[in-house]
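Just below is one structure, and these are the notes that go with it.
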Amino acid sequence: MRSDSHPNNPDIPAHQQRLNALRLGQIQLGRTFGIAMVLAGAVLLTLVSGYYAYTASARSQLEELNFAVAQPAQATLTVLPESSQATVVNPTESMAIPSEGGKPLTSFVGVEESAKPLIPAVPENQQVSDRPTESYSALYPAIYIHPKFWAQPLWAGGEPYVYNPANPDTTLPNGFRAVSAMDDALQRGDGSQTSRIAIPLIDVDSEIQELEILNLGDSRAYETPKHLVGHIPQSSNPGELGNAWYFGHLESPIKGEGNVFHRLPEIPDLLRDGDDVFVELESVDGRIFLYKTTRTQVMHEDDLELYGSDTAQLTLVACVPRLVYDHRIVVTAELVGIQDASGDVN
């Protein structure tokens with residue numbers, strides 16, 4: 001910088017010194033702003049790159065959410081046709097359920113059951129247990145210890161595993177009588193609405209709200225309730241033949257709509273460990289219907305459609321993976337027990 005341009009040069013008039021100081025300040029401010037913009041861009045680029053790396057990693061682990069418990073016979077899952085006797089709002093239009101990110105959860109196909117299969121009993125991408133449950137009781141004294149603690153029996157924890165092939169009813173929690181998901185199920189329309197859902201093994205205990213239909217102009221959508229589990233109104237009620245659909249938020253950090261199903265992705269690992277994951281549906285008439293989880297499946301949000309069943313079952317749905325929410329974990333459970341309103345077991 002030339003000496004005559006220095007702001008403190010006594011040979012330069014005061015007003016010129018002030019102008020020179022202003023120009024120098026502007027240059028320094030511009031440099032500082034430029035450096036700040038470069039740093040901000042680098043931070044933003046790092047965050048975006050990190051998010052995309054996390055997204056790729058999270059999606060690559062979704063296959064671990066697929067698991068099916070070995071069953072003597074699998075229920076047939078069927079498409080729900082549009083020709084339903086129940087009330088359907090414009091069944092020819094796409095019916096979507098919003099997710100945390102505002103994207104649709106599923107398409108609404110219909111209500112009643114038909115004979116056309118929608119998906120195979122055990123999808124090809126699912127892992128199936130190669131050890132039937134009854135084999136856990138074949139080794140004494142392992143019948144008294146849950147299989148996941150066999151390697152360290154002295155530090156065993158959790159609920160005792162007391163399965164007895166000669167008396168399958170012992171696998172049900174106290175107070176429930178064993179029933180058949182087909183022969184003992186209620187007919188459609190004979191049951192009452194759900195008032196509560198509980199999954200003790202993952203600490204879910206929530207009231208139930210019937211999902212409301214929103215008019216979005218060119219489409220319709222179901223609104224998932226905040227902090228509660230929502231039930232598709234046209235699907236089965238507790239204990240009824242068919243498939244009862246329940247939706248809940250995995251998490252909702254921005255909208256604050258709750259995280260009632262945030263532990264739902266833990267169920268596949270619990271099944272792998274040999275745990276019986278029971279789901280309790282309490283109806284408004286006081287009866288509690290017990291369902292046992294038979295499989296979990298993950299699929300893209302665009303591939304999920306509501307389907308029915310020729311047995312009494314339920315399906316739980318939440319968005320996965322965290323912070324991405326473009327897939328759905330679908331948990332299926334079949335009716336195995338009933339507790340009467342009085343609490344007595346018949």
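The values are calculated or read from the model by the stated rules, or taken from the named source; none is laboratory data. Keep in mind that what you see is a predicted model, and the values were worked out from it rather than measured. Neighbour counts run over all protein chains shown; Cβ positions are idealised from the backbone, glycine included.
Among residues of region 292-306 that are surrounded by fewer than 16 Cβ atoms within 10 Å (Cβ to Cβ), none has a Cβ under 7 angstrom from a residue that is of a type in the set (Phe, Trp, Tyr) at a sequence gap of 6+ or on a separate chain. Scanning region 63-74 for any residue that is modelled with pLDDT under 60 and surrounded by 10 or more Cβ atoms within 10 Å (Cβ to Cβ) turns up at least one such residue.
Being of a type outside the set (A, V, I, L, M), assigned to a loop (DSSP other than H, G, I, E, B) and within 15 Å of the chain's Cα centre (by Cα) is a property that Gly258 has. Scan region 326-336 and give yes if some residue there is part of a strand (DSSP E or B), touching a Pro at 6+ places or on another chain (Cβ under 8 Å), of a type in the set (Asp, Glu) and in contact (Cβ under 8 Å) with a residue 40 or more places away in the chain, otherwise no. No, region 326-336 contains no residue that is part of a strand (DSSP E or B), touching a Pro at 6+ places or on another chain (Cβ under 8 Å), of a type in the set (Asp, Glu) and in contact (Cβ under 8 Å) with a residue 40 or more places away in the chain. Restricting attention to region 242-291, the residues that are in contact with a helix residue (DSSP H, G or I) (Cβ under 8 Å, 6 or more places away or on another chain), under 16 Å from Val331 (Cβ atoms) and crowded, with 18+ Cβ neighbours inside 10 Å total 12. Only one of the listed residues (Ala198, Ala244, Ala178, Ala221) is assigned by TED's automatic domain parsing to the domain that holds Thr294, touching a Ser or Thr at 6+ places or on another chain (Cβ under 7 Å) and touching a residue at least 60 places away in the same chain (Cβ under 8 Å). That residue is Ala244. If you go through region 173-187 and pick out every residue that is crowded, with 18+ Cβ neighbours inside 10 Å and within 25 Å of Gly308 (Cα to Cα), you end up with 4.
Determine whether region 298-311 contains at least one residue that is within 10 Å of the chain's Cα centre (by Cα) and within 23 Å of Asn66 (Cβ to Cβ).
Within region 298-311, the subset within 10 Å of the chain's Cα centre (by Cα) is 298.
Next, from what is left, pick out any that are within 23 Å of Asn66 (Cβ to Cβ): 298.
Taking every residue of region 298-311 in turn, at least one turns out to be within 10 Å of the chain's Cα centre (by Cα) and within 23 Å of Asn66 (Cβ to Cβ).
If only residues of region 208-226 that are touching an Asp or Glu at 6+ places or on another chain (Cβ under 7 Å) and at pLDDT below 70 are counted, the one that is nearest to Arg196 (Cα to Cα) is Arg220.
Each residue in region 247-267 was checked for being under 14 Å from Ile199 (Cα atoms), touching a Phe, Trp or Tyr at 6+ places or on another chain (Cβ under 9 Å) and not hydrophobic (A, V, I, L, M, F, W, C), and 1 of them qualify.
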